[in-house]
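The values are calculated or read from the model by the stated rules, or taken from the named source; none is laboratory data. What you are looking at is a predicted structure, and each value in this text was computed from that prediction instead of being measured. Cβ: placed from backbone, ideal geometry, glycine included. Neighbour counts: every protein chain shown. Note: areas computed on protein heavy atoms with side chains; ligands, DNA, RNA excluded. Shrake-Rupley method; radii C 1.70, N 1.55, O 1.52, S 1.80 Å.
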Amino acid sequence: MNTLFLSLKCSTSEMGILRLTSFMDENPQILKEFQLHDTKLVIDGKNLLHLIFEGSKINKKHGGDYDRFACEIVKFFSILKACNIKPYVLFDGGDDPSDRKFNTKLRGLRERLEKAMRISSGQSKKNNVMPILAYDTFKSVLFEINVPFNVCDFEADEEIAILANEFNCPVLSLDSDFYILPINAGYIPFNSVCLEPQEGKRWNNSVYHYLPARIYYVDSFATCFHALGRNVLPLIALLLGNDYVDREIFYPFFSSLRFCKYQQQFNIPDFFPNMRKLISWLNSLDTYDEGIQKILSSACTSEDKETILSAINITEKAYTLDNKSLSTEKILQISNNGLTVPSWVLNFHREGRLPSELIKILLSRRNFLKPQIEDLKSPSSYQCCARLRKYVYCILLSEDVGNAGVQSSLDNGTEANGKCAVEEYDRKGYELVKKVVCPIKNAKIFDMLPKLSEIHTLPPTVRENTVRLALDIPLFNIFHLSKDLEFILGIVLFWKKNAQPNATENHLRSVLVCLIMLKLTSIVRRGSTGHEQNLIDDAVLGMPVKARKQINMRLLMFSQIRDDRLDSNLIHGFAQLQACFKTAMDLNCLLLCPFPTPCIYQIFSGTFLYNFVVELWKRRNPDMFVCELLSKNSDLPKVYEILYSAVMNSLL
C-alpha cells in the first residue's frame, strides 16, 4: 500500500528555531509512534495553508488554481473526520508590535519577488509562489465545511500551545518552536503524518480509524539533560536563535566553547558543529542560572551584555506558558499612537471575518504587497487598484486623517505625517521599493467615507453605497442578477477600466467563461453551489444532466497543463484581476460585507484562464468559439453574451 506523507519545503520547515527541526530529524528516537484518532487537534493554520498548497499536485505557475486548492482543503479535513479528529485551526494575526520582524518580512518579500521573477521568465520549475488569494480561499472553505477557526491578535504559536493545553490535545504543525513550548498532550510534526487512514480494533472488537504519526513530548527531550530538565528548553531556543533573537550576538559565546567529551545520546552530524558544542555544554551545567551567567560572561562589552540580557528576557517570555490562558477581553494597542482598536474590529478580526492585512496596516502603517507571477517589465499588478487601496487606508486611518487635515494628491510618494500615511512595499521593475501613500482627502468620495469607529453603527444601505461609489458599480440591466454576481461584475469592470497595461477583450471573455465553468462544475459535482441563485444557475439547472456533463468536460479540458512555457504578458492581466479582487474584498469586509463575500474558488482558476486566453488568440471569431463551446442548445451562450455586453457597455 502506498502511503502519502505530508511534505513541506525547507523554507517552511526552518520556521522558528534554527536547525532544531533538522536535529530532531536526525534523532527520531526522541519522537514516539502515535495513532492519531478520536481527539481534538489544534492546528497551526499558517503551516497547514502552506502544507496543502505546496504538498499538492496543483499547478502553481498560473497564479492560482483556487478551485483545486479548495478541493484539497476539503479532502484534508474529510480525512480527519474519518478518524473522528475534531480540528481547531488558529491563524497568525497582526505583526509583532515590537517591530522586531520588520527586516525578516522585507527579506521574505524579496525572496518571493526573486521566485516570481524566475517563474515568470521560465527559469525555474521548482519554485512556488503562494497565490495572493489562497488565505481568503482557505478561510472561505473552513466557513463552508464548518471547521472552527480563529485568528490571533498577533503570532499564533503561544495561543496554539495554550489552547492545546486547555483541551489537553496535541498540536499539529511544522514549526520548531513547538519543540520548546510545553504542550502537555504533545506536538505532531506535519511531515510525520501518514494521510491514509488505517483500521484498528478496540478491546471490544469495535473498529476505529487512525492516522499513523509520530509525536513529541517535551519531557522526552528535556529528561536527557538530567540536571536542567525543562529549564534546558529556553536555553536551546536562545542560543540557536529564534524569530525574536538575532543569533549573531552569540557568536562570541560559541567561539569560547571547547569540544568536551561528547556523550553519544544524540546523533549530531559533523556539519552541526555548534549543536555538538551546545549539547555537550548543556550536559555540563548543574543549574539554569549557571548557564545564564556563563552566557553573559561571553559578552565583549557592556552594550553586548545588555543585548544578551534583552534576548534572554524575550526568549523566556516567548517560550514560557506559566499562568497564561486565552482571554477574550484582550485590548490591542496601536503601537505608534496609543489609540485603542475599536472592539468590533477586534472581534471581527478574531472571527476571521476581517482580513489580517487590515489589522497590520492599522497597527504598523505598512502594507506589504506580495509579488505575483506577472510581467516584470510592466508596472506592478497592484498599480491598477492603487486608488481603491487609498479608500481602504482612508477608512482605517480616518481618525488621524480627520484630525490632521491631510490634503494630498493621489500620486503623492513623498514622506508624510506617519499617522496619516501608509508605507507600501511593492515591486518596481525588478526591485522592491517603498512608497509613502497618503489617504485621499480631496476626492469627492472622501466626505462619504465612514470613520472606522462608526462603521458597525451604519445601516447596510450606507455601507453598500460606499462600496458602489469606490468601485463605480453601474446599474447592470440584467434579469436575476444576484448580489454576489453584481459585486463580481463590479470588480471585473473596475479591473477592465484600470488595468495597466490594458486587459484585452480576450482576457475578459476568459474570465466570464471561467465563471460559468466553475459554476457548472460545482452544480455537476454537488447539485448546487450553496449560494444565492442567479442567471448562470438558471441556465445550468435548466439543462439536461447529460448536457451539463458534456459541456463541463469540454471546458475542463482547458484546466489541464498544456505547455511549460509561460507568456508573462498574458498572465499579467489576470494578476491585475487578482489584485483588484483582493483590494475590493478587503474594502467590502472592512464595511462589514454589504455584498456577500465572493468565493474565489468559484470565480478564478489560473490554469483555465491562461489556457483559454491562449486558445482565444488563435480564433478568428472568439465569441463564436465560446458560444459553440457552451453549446447552442443551452442558454449558456445567451448568459455569456449578457454578461459580456453588461461589462463592455459600461465601458462606453
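Worth pointing out:
- Of all residues making up the range 64-120, the number that are touching a Phe, Trp or Tyr at 6+ places or on another chain (Cβ under 9 Å), polar (S, T, N, Q) and under 28 Å from E423 (Cα atoms): 1
- Selection of the range 288-305 for residues being touching a helix residue (DSSP H, G or I) at 6+ places or on another chain (Cβ under 8 Å) and of a type in the set (V, I, T) yields I292, I295.
- Complete set of residues in the range 38-47 that are under 11 Å from L80 (Cβ atoms) and buried (at least 19 other Cβ atoms within 10 Å of the Cβ): L41, I43
- For the range 515-525, a residue qualifies if it is without any contact (Cβ under 8 Å) to a residue 60 or more places away in the chain, open to solvent by 10 Å² or more (accessible area, probe 1.4 Å) and among the aliphatic types (A, V, I, L, M), and exactly one does: V524.
- Contact map, the range 526-551: first residue charged (D, E, K, R), second residue modelled with pLDDT of 80 or more and surrounded by fewer than 17 Cβ atoms within 10 Å (Cβ to Cβ), Cβ cut-off under 8 Å, separation 6 or more or different chains; pairs are E532/K483; E532/P596; D538/H480; R548/V524; K549/V524.
- Filter result for D99 (in contact (Cβ under 8 Å) with a residue 60 or more places away in the chain, open to solvent by 40 Å² or more (accessible area, probe 1.4 Å) and acidic (D, E)): yes
Here is a yes/no grid of residues against (1) under 25 Å from the mean Cα position of the chain (by Cα); (2) under 23 Å from R526 (Cβ atoms):
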site	(1), (2)
F574	yes, no
A579	yes, no
T583	yes, no
L591	yes, no
G606	yes, yes
A646	no, no
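- The single condition among (1) touching a residue at least 40 places away in the same chain (Cβ under 8 Å); (2) farther than 25 Å from K40 by Cα; (3) assigned to a loop (DSSP other than H, G, I, E, B); (4) open to solvent by 10 Å² or more (accessible area, probe 1.4 Å) that G94 does not satisfy is (4).
- The requirement of being within 39 Å of the chain's Cα centre (by Cα) and within 20 Å of D25 (Cβ to Cβ) is satisfied by N242.
- Cβ-Cβ distances below 9 Å connect the following pairs, each with a first residue in the range 627-639 that is crowded, with 16+ Cβ neighbours inside 10 Å, a second residue that is of a type in the set (A, V, I, L, M) and in a loop (DSSP other than H, G, I, E, B), and a separation of six or more residues or different chains: S631/M543; S634/M543; D635/M543; L636/M543; L636/L630; P637/L630; V639/L630.
- Residues in the range 212-238 that are open to solvent by less than 10 Å² (accessible area, probe 1.4 Å) and under 30 Å from the mean Cα position of the chain (by Cα): A213, I215, Y216, V218, L233, I236, A237, L238.
- All of (1) surrounded by fewer than 23 Cβ atoms within 10 Å (Cβ to Cβ); (2) touching an Asp or Glu at 6+ places or on another chain (Cβ under 9 Å) hold for N621 with one exception: (2).
- Answer from V540, V467 - the residue that is β-branched (V, I, T) and modelled with pLDDT of 95 or more: V467
- Residue check for P594: at pLDDT 95 or above, open to solvent by less than 30 Å² (accessible area, probe 1.4 Å) and assigned to a loop (DSSP other than H, G, I, E, B): yes
- Meets criteria (more than 30 Å from S120 (Cα to Cα), in contact with a helix residue (DSSP H, G or I) (Cβ under 7 Å, 6 or more places away or on another chain), surrounded by 14 or more Cβ atoms within 10 Å (Cβ to Cβ) and of a type outside the set (S, T, Y)) for L512: no
- For the range 304-319, the tally of residues that are of a type in the set (S, T, Y) and open to solvent by less than 50 Å² (accessible area, probe 1.4 Å) stands at 2.
- Hey, F102 of a type in the set (A, V, I, L, M, F, W, C), under 30 Å from D246 (Cβ atoms) and at pLDDT below 95 or not: yes
- Taken residue by residue, the range 506-514 has no member that is touching a His at 6+ places or on another chain (Cβ under 9 Å) and modelled with pLDDT of 90 or more.
- Some residue of the range 72-80 being of a type outside the set (F, W, Y), open to solvent by 60 Å² or more (accessible area, probe 1.4 Å) and at pLDDT below 90: no
- Taken together, D65, D44, D25 contain a single residue that is more than 30 Å from G241 (Cβ to Cβ) and acidic (D, E), which is D65.
- Residue check for I73: under 18 Å from the mean Cα position of the chain (by Cα) and free of Cβ contacts under 8 Å to residues at least 60 places away in the same chain: no
- Matching helices (runs of 4 or more DSSP H) fully within the range 250-309 where at least 2 residues are of a type in the set (K, R) and closer than 30 Å to P28 by Cβ: 273-284
- Failed item, numbered, when L332 is tested on (1) farther than 30 Å from L239 by Cα; (2) at pLDDT 90 or above; (3) open to solvent by less than 50 Å² (accessible area, probe 1.4 Å): (2)
- For the range 374-383, taking the residues that are open to solvent by less than 10 Å² (accessible area, probe 1.4 Å) and in contact with a Leu (Cβ under 9 Å, 6 or more places away or on another chain), the one that is nearest to F494 (Cα to Cα) is identified as S381.
- Residue that is farthest from F102 (Cα to Cα) [pool: residues in the range 112-146 that are of a type in the set (A, V, I, L, M, F, W, C) and outside any helix (DSSP H, G or I)]: I145
- Sub-9 Å Cβ pairs linking a first residue in the range 9-25 that is on the phi > 0 side of the Ramachandran plot and assigned to a loop (DSSP other than H, G, I, E, B) to a second residue that is modelled with pLDDT under 80 and among the polar types (S, T, N, Q), at least 6 apart or interchain, are G16/N242, ordered by first then second residue.
- Verdict on L652 being outside any helix (DSSP H, G or I), touching a Gly at 6+ places or on another chain (Cβ under 7 Å) and either open to solvent by 10 Å² or more (accessible area, probe 1.4 Å) or under 30 Å from S453 (Cα atoms) (or both): no
- Residue check for L48: over 30 Å from F558 (Cα atoms), in contact (Cβ under 8 Å) with a residue 40 or more places away in the chain and either among the β-branched types (V, I, T) or not in a loop (DSSP other than H, G, I, E, B) (or both): no
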